[in-house]
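Have a look at the structure below, then the notes.
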Amino acid sequence: MSEQTGSTRRDFLKTTTAAAVGSGLASGWGVIPGAHAQGSDEIRIGLIGAGGRGSGAVADVFKGHETGVRLVAVADMFGDRSEQALKRLSQQYGARAAVKPEHVFTGFDGYQKVVAHPEVNYVILASPPGFRPSHLEAALAAGKHVFCEKPVAVDTPGIKKVMALSAQANAKKLSVVTGLQRHHQQGYIETMKRVHGGAIGDIVAMRAYWNQGFLWKRDRQPAWSDMEWQVRNWLYFTWLSGDHIVEQHIHNLDVINWAKQGHPVKAMAMGGRQVRTDKAYGHIFDHFAVDYEYPDGSHMLSMCRQIDNCANSVSEALVGTKGTAQCDKYEIAGATTWKGDKDPISPYVQEHIDLIKAIRGGVHVNELPYTVDSTMTAIMGRMSAYSGKAITWDEAMASTESLMPATLQLGPIATPPVPMPGQATN
């Protein structure tokens, strides 16, 4: 890490308030007197992005709170998505999900109407990741507390915008939790306490995997424009998802950064598109393998794959000078042996419990700093795989390439070419 980058990161961490690791109101969260949800204990949710992830997040809020929370506004690019989500939520949760028709918004600017809704004090950002920096900007500008899904950006300009927004969240005492739910998962929290306490000594090697089969896709309909087809199949377009190393594998990379208490300084990767080659799958890769190097010279082997009928693993492992840790199994072996218990509650529910408890208690929490690091870790790996070059953190942070289209509107938009290592720039 260069001194310049080191200074930038130190300044960033200094001006942002990293959330304390763990469930509940752990030490490290600054007490903010009077920072209740606009003078009321009621949490009034504005949902931006009504797909499975967004409607699932609303359901997780309801599962953790039988009273005192309700959904008051929804925005999605497409009306049918909002209609389906509200139907499901209303059938299961009744009046808590009964949104008035005039408070359901569509189109690229629907998010602006949700954050402007005077009743909303808790915004859930679950649209495709490419939109996240602009949606987060609008929510914080409107003075709302935010549950922001991960990743928080798909390119370096987006990352830098979120870094600035993190400082704004601190200045306004607005809380942000980011969807890296392992930080709210009891088994991971207990494992990390022991790792940071020296149970395995110094960490000298790491492994992180997210290898699984295909995910969903939506068959193109004759009435859909290029843009509608891409947004409805956002997983398969880098400008929308960041590719699956960013959108999905971020969870495992984040665990290793958590253990190392910092981010890698270099990535050397390979990847490609070997099985999922049909144009229906956009232009992303179907597999990546990355060698990440950390400042102390230790290395992480990272793999992620979305190909059917292969060996699967979603896991994180640490090798230390005194033992090993299998983080996903809550196991430590070596000089100290330990096995964690089964999680008492879903971390997807717990993260909303923690955020709402913080808001109601007038306590500030901001998970953007470490989520920025983990998102950028994944972007650096993607840059290396796409280009075939070794990429340092400084080089990745110096990138000015924005993946977002110049204009967001329904109509023609070309599918970018599949990146070719040795030819692509990043």
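Packing around the peptides 376-387, 129-140, taken as the average count of other Cβ atoms within 10 Å per residue, puts them in this order, highest first: 376-387, 129-140.
Protein heavy-atom accessible surface, 1.4 Å probe, per residue over the range 243-284: 32 Å².
Each pair of Cα atoms in the chain enters the Kirkwood radius, and Stokes-Einstein at 4 °C and 1.567 mPa s then converts it into a translational diffusion coefficient of 59 µm²/s. When the solvent-accessible area of the chain is split by element, carbon and sulfur atoms take up 52 percent of it, the probe being 1.4 Å.
GNM remark for the chain: springs join alpha carbons under 10 Å apart, and the peak mean-square fluctuation among 180, 240, 301 falls on 301.
With only alpha-carbon atoms in the gyration tensor, what are the semi-axes of the equivalent ellipsoid for the range 61-152, in Å, largest first?
Details: eigenvalues 82, 47, 33 Å².
Taking √(5λ) for each eigenvalue gives 20, 15, 13 Å, largest first.
Tell me, what is the FRET efficiency for residue 414 and residue 270 to the nearest 0.05, using R0 = 30 angstrom and their Cβ-Cβ distance as r? That pair, residue 414 with residue 270, gives E of 0.70. Translational diffusion of the range 135-263, estimated by Stokes-Einstein from the Kirkwood radius over alpha carbon pairs at 4 °C in a medium of 1.567 mPa s, is 75 µm² per second. Normalised per residue, the accessible area of the range 114-181 is 22 Å², obtained with a 1.4 Å probe and no contribution from ligands, DNA or RNA.
Computed with a 1.4 Å probe over protein heavy atoms only, the accessible surface of the range 293-347 comes to 54 Å² per residue. Per-residue extension of 0.36 nm, minus the Cα-Cα distance of residue 83 and residue 402, leaves a gain of 111.6 nm for this segment.
Model label sites at residue 220 and residue 336, defined 7 Å from Cα along the beta-carbon direction, differ in position by 5.5 nm. Mean residue ellipticity at 222 nm, helices only, the chain: -10500 deg cm²/dmol; runs of at least 4 DSSP H residues each add -39,500 (n - 2.57), and the sum is divided by the number of residues. When you restrict to C-alpha pairs under 8 Å that are six or more residues apart and normalise by the size of the chain, the relative contact order lands at 23 percent.
Legend: residue pairs 161/193; 193/339; 87/150; 329/357; 150/329, Cα-Cα distance threshold 21 Å; pairs beyond threshold, 161/193; 87/150; 329/357; 150/329. Once all protein chains are placed together, residue 63 keeps about 130 Å² accessible to a 1.4 angstrom probe. Each label point was placed 7 Å from the Cα along the Cα-to-Cβ direction; for residue 312 and residue 279 their separation is 3.1 nm.
The values are calculated or read from the model by the stated rules, or taken from the named source; none is laboratory data. All values derive from a computational prediction rather than experimental measurement. Glycine gets a Cβ as well: all are built from the backbone with ideal geometry, and neighbour counts include every protein chain shown. Quick note on the areas: whole protein, heavy atoms, side chains included, nothing else; ligands and nucleic acids left out. Shrake-Rupley method; radii C 1.70, N 1.55, O 1.52, S 1.80 Å.
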